[in-house]
Amino acid sequence: MPNSGALDLVSTAEIARLLGVTRQRVQQLAKTNDFPEPAATLSMGSVWHTHDVRTWAARTGRTLAEPSTG
């Protein structure tokens, strides 16, 4: 059962899978002015709200990769 209080956050690696690009490309995109601000910066790197990344992707005309089902 999902935790309704949980934050829906994604890391660079998860964004890379979502966009079908490399982690290095996500790092480049994250430096642009129109990429969403990170929700937090942790010792392992930045994390973003999934909704913000999906909204940005739609606004910039990017196609999202279909999640694998196992």
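The values are calculated or read from the model by the stated rules, or taken from the named source; none is laboratory data. In this text the structure is predicted, and so the values were computed from the model without any measurement. Glycine gets a Cβ as well: all are built from the backbone with ideal geometry, and neighbour counts include every protein chain shown. Only protein heavy atoms, including side chains, enter the accessible area calculation; ligands, DNA and RNA are left aside. Shrake-Rupley method; radii C 1.70, N 1.55, O 1.52, S 1.80 Å.
Inside segment 57-66, can you point out the residues that are surrounded by fewer than 11 Cβ atoms within 10 Å (Cβ to Cβ) and either touching a residue at least 60 places away in the same chain (Cβ under 8 Å) or outside any helix (DSSP H, G or I) (or both)? Hits for segment 57-66 are Gly61, Thr63, Glu66. Restricting attention to segment 22-56, the residues that are β-branched (Val, Ile, Thr), open to solvent by less than 100 Å² (accessible area, probe 1.4 Å) and either without any contact (Cβ under 8 Å) to a residue 12 or more places away in the chain or part of a loop (DSSP other than H, G, I, E, B) (or both) add up to 2. Residues that are open to solvent by less than 50 Å² (accessible area, probe 1.4 Å) and either polar (S, T, N, Q) or over 10 Å from the mean Cα position of the chain (by Cα) (or both) within segment 6-21 comprise Ser11, Thr12, listed in sequence order. On inspection, Leu19 passes the criterion of being in contact (Cβ under 8 Å) with a residue 24 or more places away in the chain, aliphatic (A, V, I, L, M) and within 16 Å of Arg62 (Cβ to Cβ).
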